[in-house]
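Trainee: Submitted below is the structure of interest, expressed as structure tokens.
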Amino acid sequence: MIWTYKQQDFTEDMIGDAYGYVYCITNLDNGKKYIGKKFFSKSGYKQKNGKRKKVRKPSDWLTYWGSNKRLQEDIRNNGEEKFTREILHLCKSRSECSYLELKEQMDNRVLESDRWYNDWIMVRVRKDHILSKSSTNTYNESSQ
């Protein structure tokens, strides 16, 4: 099952300079959804000249199905073909991913309804991280 972005299949060559993305997974049988974030790479280590060096490695984003246990159980029981995976936002930084994930979760009131798999929300974001890393800042400009 592939990710979609703006009603198109999303491929690796579309990542560009994005750090990660905010996504929505939808159960086609009951309409239940999950909003989360995922990064295109993860930190790891590499041996070079006998020294351990920190590097970024590709993540499992292509095959990722969220971290929620109930969602994962439903996917296992019903099959991946019963779910859609949509990228809502491509993000330039970790903080931008965290902020936009929180914004989507709050806008959709995911903790207030059984229509969502989301069980909890946790985020730490600083204003200067968002303003300095994002090239679009559409979520800040729209409130002015």
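Trainee: Quick check on segment 6-22. Is at least one of its residues under 21 Å from LYS103 (Cβ atoms), of a type in the set (Val, Ile, Thr) and touching a Cys at 6+ places or on another chain (Cβ under 9 Å)?
Mentor: Yes - at least one qualifying residue is present in segment 6-22.
Trainee: Identify the single condition in (1) under 24 Å from VAL123 (Cα atoms); (2) without any contact (Cβ under 8 Å) to a residue 60 or more places away in the chain; (3) not in a strand (DSSP E or B); (4) not polar (S, T, N, Q) that LYS42 does not satisfy, given that it satisfies every other one.
Mentor: (3)
Trainee: Right, something else. Restrict the check to segment 87-109 and report whether at least one residue is closer than 19 Å to TRP3 by Cβ, part of a loop (DSSP other than H, G, I, E, B) and in contact with a Leu (Cβ under 6 Å, 6 or more places away or on another chain).
Mentor: no
Trainee: Separate question: Any residue in segment 28-36 that is in contact with an Asp or Glu (Cβ under 6 Å, 6 or more places away or on another chain), touching a residue at least 40 places away in the same chain (Cβ under 8 Å) and part of a strand (DSSP E or B)?
Mentor: There is at least one residue in segment 28-36 that is in contact with an Asp or Glu (Cβ under 6 Å, 6 or more places away or on another chain), touching a residue at least 40 places away in the same chain (Cβ under 8 Å) and part of a strand (DSSP E or B).
Trainee: Answer yes or no as to whether LEU88 is aliphatic (A, V, I, L, M), within 24 Å of TYR19 (Cα to Cα) and at pLDDT 90 or above.
Mentor: Here the answer is yes, as LEU88 does meet what is asked.
Residues checked against (1) under 18 Å from GLU81 (Cα atoms); (2) surrounded by fewer than 11 Cβ atoms within 10 Å (Cβ to Cβ); (3) among the polar types (S, T, N, Q); (4) at pLDDT 95 or above:
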{"position": "CYS24", "(1), (2), (3), (4)": "yes, no, no, yes"}
{"position": "ASN27", "(1), (2), (3), (4)": "yes, no, yes, yes"}
{"position": "LYS32", "(1), (2), (3), (4)": "yes, no, no, yes"}
{"position": "GLY36", "(1), (2), (3), (4)": "no, no, no, yes"}
{"position": "SER41", "(1), (2), (3), (4)": "no, no, yes, no"}
{"position": "ASN49", "(1), (2), (3), (4)": "no, yes, yes, no"}
{"position": "LYS54", "(1), (2), (3), (4)": "no, yes, no, no"}
{"position": "LYS57", "(1), (2), (3), (4)": "no, yes, no, no"}
{"position": "TRP65", "(1), (2), (3), (4)": "yes, no, no, yes"}
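The values are calculated or read from the model by the stated rules, or taken from the named source; none is laboratory data. Here the structure is a predicted model, which is why all the values come from computation and not from measurement. Cβ sites come from the backbone with ideal geometry, for glycine too, and all protein chains shown count toward neighbours.
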